[in-house]
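Below is one structure, written out as structure tokens, with a few remarks after it.
Please treat every number below as a calculation from the coordinates, not as lab data. In this text, all values refer to a predicted model and were calculated from it rather than measured experimentally. Glycine gets a Cβ as well: all are built from the backbone with ideal geometry, and neighbour counts include every protein chain shown.
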Amino acid sequence: MIELRVGKDKEVSEWVMARTDADYFGECVTYGFFKDNQIVGGAVFYDWRIEDIVFSGAFEDKACFTKTNIKKFFHYPFNQLGCHRVSAYTDVVNDKANSLLKRLGFVNEGCFREISSKRQDANIYGMLKRECKWIGD
């Protein structure tokens with residue numbers, strides 16, 4: 001069974017960085033997905049700009065994505081912080097991440113050309129609060 005934990009920001013952000021192209025999140029809030037006391041998924045919220053916050057994540061177990069966990073995940077930026085939107089970026093060649101973001105309800109808004117440390121293009125995704133099917137009004 002997957003357990004969702006908050007308050008493990010350093011541990012979870014380092015785990016996500018090791019599995020993504022990110023090298024620094026700065027001040028962040030994380031949601032760690034643990035199975036048998038081991039991280040199997042992590043969501044990092046960072047770069048909060050009042051109306052927007054950026055999301056990055058890595059997941060090794062599909063069981064992280066229960067409706068309950070997804071609702072808790074989106075509650076933080078939209079209800080707790082009062083953000084109007086959540087942004088996410090991923091390599092254009094990362095089919096799994098692109099597909100996941102779309103299934104969660106993010107909209108592909110464009111592309112940053114050669115933005116990563118590997119000079120890879122990255123898709124820009126956004127979700128407005130009114131578009132989020134995971135939270136109540």
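Listing for the model above:
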read-out: Contact order normalised by residue count of the range 1-97, Cα under 8 Å, 6+ apart, percent; value: 24
read-out: Kirkwood-Stokes translational diffusion coefficient of the range 3-131, alpha-carbon pairs, 10 °C, 1.306 mPa s, µm²/s; value: 107
read-out: Unit charges on C-beta of K, R, D, E only; dipole of the range 3-131, Debye; value: 500
read-out: Label-zone membership for the range 61-88, site Val6, 7 angstrom Cα→C-beta point, backbone N under 11 Å; value: 72-81
read-out: Trypsin sites (Lys or Arg not before Pro) restricted to DSSP loop in the range 12-49 with at most 11 other C-beta within 10 Å; value: Arg49
